[in-house]
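Remarks on the structure that follows.
Each value in this text was obtained by applying a stated rule to the coordinates, not by laboratory testing. Keep in mind that this is a model prediction, so the values were computed, not measured. Note that each Cβ is placed from the backbone with ideal geometry, even for glycine, and that neighbours are counted across all protein chains shown.
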Amino acid sequence: MHAKDTHLRSRHILACIWDFDKTVIPGYMQAPLFRAYGIDEESFWIEVNKLPDLYAKKGIHVSKDTVYLNHLLSYVKNGPLKGLSNQRLRELGAEIEFCPGLPDFFDQLKTFARKIGEARKLEISLEHYIISTGLAEMIRGSKIAPHVDGIFGCEFIEQPLPPHYTEQDELALADSGEISQIGVMVDNTIKTRFIFEINKGTNRNAAIDVNAVVSSSDRRVPFENMIYLADGPSDVPVFSLVRKNGGVAYAVYTEESEAEFRQNDQLHQVGRVHGYGPNDFRDNTFTPRWLRKRVEDMADRIAREQEYLLGARVAKPPRHLHRDDESAARRHQAPEQGTFFSE
């Protein structure tokens, strides 16, 4: 630990950063959307999974993580999802079912972090963020939204501005009521950008560019104060970023799935994650206990850092010298007879 690496902070922020599908929910968030419009969910994903190879045969490269967004827009354009709007997506988000213990666990972990800090005479707060390749509007409409401090996900535009719109005095910008373009596209590499936004504080202060050089001591949420939770190998870029910089990486699986368990175990074996467990967040189950221990470990580390910095940067006050102190000082300064010093 070096004094130059951190500051004597008055407040310490921890961040618990969550993937969404198969992490905080047991399946995929689009299920209520397909159900509402009478679309076979399995058939849709089979089509999506075939698209990258079909486009590749035409010499077109597409992202496997986000090609489903274009396919959703094809469904809108060709009728099965006709009239789908951002407002409708948000309404359908209310039907998303969460893993056991959520969203209550989010607030419980915040309270735990605050109390752990108070016990160490520190002001510690914990924030929750969701970073998903899914649909931000559906997450915003879900029951977990009031319990998180930020949501990063894919976004749609309903009415794009027309060509030469800058030359028009007035623009008709009334909502068309139907999504037509992609506004934000999030894949598992772009997720790392949002990690840096949380780290530097860009998400709270737009004046801070995510590519700006910000010293580690001035970053709002240090990497070592982060916990990232996700369900599998597709999140390896974020696991690696957080882990490499001193944060905690944790993988989750659906308890009934042997394949997901083995997948998580492999991630642990090769050092991609610090631990793994079921996506069950009820109070006394394994995953909440593991996460509380990591929060406690972070609080202990912060306490040690602050104690070190206080000793390194705050000079001891002068005090009155007694006769014994003066005698000891003279003995220390005067060489003994027969002792020689070299230059």
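Peptides 190-199, 154-163 ranked from most to least packed give 190-199, 154-163, packing being the mean of other C-beta atoms within 10 angstrom over each peptide's residues.
For Lys50, the lysines whose Cα comes closer than 30 Å to its Cα, not counting residues fewer than 8 places off in the same chain, are Lys22, Lys58, Lys64, Lys77, Lys82, Lys191.
Each residue of region 119-130 was assigned a 3J(HN,Hα) from its phi angle through the Karplus curve 6.51 cos²θ - 1.76 cosθ + 1.60 (θ = phi - 60°); the sequence is 5, 9, 6, 10, 9, 10, 10, 10, 10, 10, 10, 10 Hz, with glycine and proline shown as x. Residues whose amide H lies under 5 Å from that of Phe20, counting only those 5 or more places away or on a different chain, are Thr133; hydrogens are built 1.01 Å from N in the peptide plane. From the Kirkwood radius over Cα pairs of region 5-83, Stokes-Einstein at 37 °C and 0.692 mPa s returns a whole-number translational diffusion coefficient of 209 µm²/s. Here the average projected area of the convex hull drawn through the C-alpha atoms of region 177-275 stands at 9.0 nm². Modelled label positions at Trp45 and Lys58, each set 7 Å beyond Cα in the direction of Cβ, lie 2.5 nm from each other.
Each peptide among 243-252, 90-99 gets the average number of other Cβ atoms lying within 10 Å of its residues, and from highest to lowest they stand as 243-252, 90-99.
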